[in-house]
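S.K.: Handing you a structure now.
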Amino acid sequence: MKALLSAATVLLVASCASVSVTNQWKDPSWSGPPATNVLVIGVSRSDTTRRLFEDTFVRDLTAAGVRASASYASIPPGDGGSAKLGDVVKSTGSDAVLVTRVQRVEDRINVTPTGPGYGGFYGWYGGAWASTPEVTQTTLVTLETSVWDPRTEKLVWTVTTRGVLSSDIPRTTQQLSATLIPKMKADGIIR
């Protein structure tokens, strides 16, 4: 678990406006039982982002009938938190650890060209002004959310999600949890 937290703490958790699952994996050898108590870790350099993320997932997991705890109250950000992770898992009685981190951020530029009209120079000139290309830029964020079994210290479930970057972290974290919690239930990861 030390490696998990120390490797992940250098990254920033960001939120996406519209979330879609791009990849999903479940350990075929993991037989459960489904978790009933989850420790939630949002990996972020921003304490505000981390707290908003963890509080949202704790609230939504609790509403789904699963006990959950936010890590920020007990685990400081950065490598120093690695040593405390095992103690927090024990003190909270967690039978699963959910960790979300940014995997990739990419800018996409889309240019939609249109050709100028025809009809000689005068037609071309007027068409050139009317057909100025449209340029849009979108920032896409890919998040990786993983669930670990603290008893075996093995990864049991992981998904990547992609969405458009948004500064409204509470709303977009809610969208992420609304996407992932039903998937975890359907896959038997949580009760």
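The values are calculated or read from the model by the stated rules, or taken from the named source; none is laboratory data. Owing to the predicted nature of the structure, the values given are computational and were not obtained by experimental measurement. Positions of Cβ are backbone-derived with ideal geometry, glycine not excepted, and every protein chain shown enters the neighbour counts.
S.K.: If a residue must be in contact with a Ser or Thr (Cβ under 6 Å, 6 or more places away or on another chain) and of a type outside the set (Ser, Thr, Tyr), how many such residues does segment 22-37 contain?
M.R.: 3
S.K.: Taking segment 46-73, which residues are part of a strand (DSSP E or B) and either charged (D, E, K, R) or surrounded by fewer than 20 Cβ atoms within 10 Å (Cβ to Cβ) (or both)? Talk me through it step by step, then tell me what you get.
M.R.: Kept after step one, since they are part of a strand (DSSP E or B), are these residues of segment 46-73: 67-70.
Correct list: 67 only.
S.K.: Ok, one more. Give just the number: which of (1) modelled with pLDDT of 95 or more; (2) surrounded by 19 or more Cβ atoms within 10 Å (Cβ to Cβ); (3) within 15 Å of the chain's Cα centre (by Cα) does residue 163 not satisfy?
M.R.: Condition not satisfied by residue 163: (1).
S.K.: Looking only at segment 78-111, which residues are of a type in the set (Asp, Glu), loosely packed, with under 13 Cβ neighbours inside 10 Å and either within 21 Å of residue 177 (Cβ to Cβ) or in contact with a strand residue (DSSP E or B) (Cβ under 8 Å, 6 or more places away or on another chain) (or both)?
M.R.: Residues of segment 78-111 that are of a type in the set (Asp, Glu), as a first pass: 79, 87, 95, 106-107.
Keeping just the survivors that are loosely packed, with under 13 Cβ neighbours inside 10 Å gives 87, 106-107.
106, 107, listed by residue number.
S.K.: Write out, first by first residue and then by second, each pair whose Cβ atoms fall under 7 Å of each other, whose residues are 6+ apart or on separate chains, and whose first residue, in segment 81-99, is of a type in the set (Ser, Thr, Tyr) while the second is buried (at least 21 other Cβ atoms within 10 Å of the Cβ) and assigned to a helix (DSSP H, G or I).
M.R.: Here the result reads 82/5, each pair linking segment 81-99 to a residue that is buried (at least 21 other Cβ atoms within 10 Å of the Cβ) and assigned to a helix (DSSP H, G or I).
S.K.: Does residue 142 satisfy being within 23 Å of residue 35 (Cα to Cα), modelled with pLDDT of 95 or more and under 15 Å from the mean Cα position of the chain (by Cα)?
M.R.: no
S.K.: If a residue has to be in contact with a helix residue (DSSP H, G or I) (Cβ under 9 Å, 6 or more places away or on another chain), of a type in the set (Gly, Ala, Ser) and part of a loop (DSSP other than H, G, I, E, B) to count, how many in segment 74-94 make the cut?
M.R.: The total comes to 3.
S.K.: Would a scan of segment 97-109 turn up a residue that is part of a helix (DSSP H, G or I) and β-branched (Val, Ile, Thr)?
M.R.: Among the residues of segment 97-109, not one is part of a helix (DSSP H, G or I) and β-branched (Val, Ile, Thr), which makes the answer no.
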